[in-house]
1. May I ask you to give the percent of accessible area on the chain that is carbon plus sulfur, with a probe radius of 1.4 Å?
2. Report TYR5's accessible area, 1.4 Å probe, all protein chains in place, as a number in Å² to the nearest 10.
3. Going by alpha carbons, how many degrees (0 to 90, nearest 10) lie between the helix axis of 2-19 and the longest principal axis of the chain?
4. What accessible area per residue, rounded to a whole number of Å², is obtained for the chain using a probe radius of 1.4 Å?
5. Could you tell me the largest-minus-smallest coordinate of the C-alpha atoms of the chain on each of the three principal axes, in descending order and whole angstroms?
6. From the Cα gyration tensor of the range 39-99, with a ≥ b ≥ c the square roots of its eigenvalues, which class applies: rounded if a/c is under 1.5, or else prolate if a/b is larger than b/c, or else oblate?
7. Loop-only check: which chymotrypsin sites (Phe, Trp or Tyr not before Pro) in the range 33-73 are DSSP coil with at most 13 other Cβ within 10 angstrom?
8. Looking at the chain, identify the longest residue range that excludes and avoids all trypsin sites (Lys or Arg not before Pro) in DSSP loops having at most 13 other Cβ atoms within 10 Å.
Amino acid sequence: MDLIYFVLVAFGLTQILVYGKLFDGIRPSKKVWKGFFHCPMCVGFWVGSFLFGINGFTELFTFDYSLANFCILSWLASGTTYVLTQFLSDFGFRLEVKKSNE
């Protein structure tokens with residue numbers, strides 16, 4: 001259950017940071033940083049790192065502090081956040097039907 005909670009919290013926080021209107025005014029507008037702060041995979045990695053760092057202060061998920069866990073959980077947050085973002089939108093599941101030109 002710890003991993004499920006971790007992934008869901010990482011997804012929620014990443015969604016807020018990347019797409020939330022609350023942060024529209026403070027997101028960097030320079031071209032170099034603009035891509036980073038609009039990328040759920042990039043922000044998801046750092047959200048995973050942050051959540052790993054604070055995991056000792058919560059009972060929701062608990063992981064041992066080690067370099068391996070840090071890397072694995074950061075990668076997990078990045079990947080799952082990206083995948084969930086591709087399948088979910090503000091209106092529910094994204095279902096795109098591509099028509100063939102045959």
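The values are calculated or read from the model by the stated rules, or taken from the named source; none is laboratory data. Computed from a prediction, not measured in an experiment: that's the story for all the values here. In this analysis, Cβ positions are derived from the backbone assuming ideal geometry, glycine residues included, and neighbour counts consider all displayed protein chains. All accessible areas refer to the heavy atoms of the entire protein, side chains included, with ligands and DNA or RNA removed. Shrake-Rupley method; radii C 1.70, N 1.55, O 1.52, S 1.80 Å.
1. Values: 5140 of 7600 Å².
For the chain, the apolar C and S fraction of the accessible surface comes to 68 percent.
2. Counting only protein heavy atoms, the figure is 90 Å².
3. Computed tilt is about 50 degrees.
4. Details: 7600 Å² over 102 residues.
Normalised by residue count, the accessible surface of the chain is 75 Å².
5. Principal axes ranked by extent give 54, 34, 23 Å for the Cα atoms.
6. On the way: a/c = 3.37, a/b = 2.38, b/c = 1.42.
Judged from the Cα gyration tensor, the range 39-99 comes out prolate (a/c at least 1.5, a/b above b/c).
7. Details: sites: TRP33, PHE36, PHE37, PHE45, TRP46, PHE50, PHE52, PHE57, PHE61, PHE63, TYR65, PHE70; in loops: PHE61, PHE63, TYR65.
Within the range 33-73, the qualifying chymotrypsin sites (Phe, Trp or Tyr not before Pro) (loop, at most 13 other Cβ atoms within 10 Å) are TYR65.
8. On the way: sites that count: LYS30, ARG94, LYS98, LYS99.
The segment 31-93 is the longest one with no such site.
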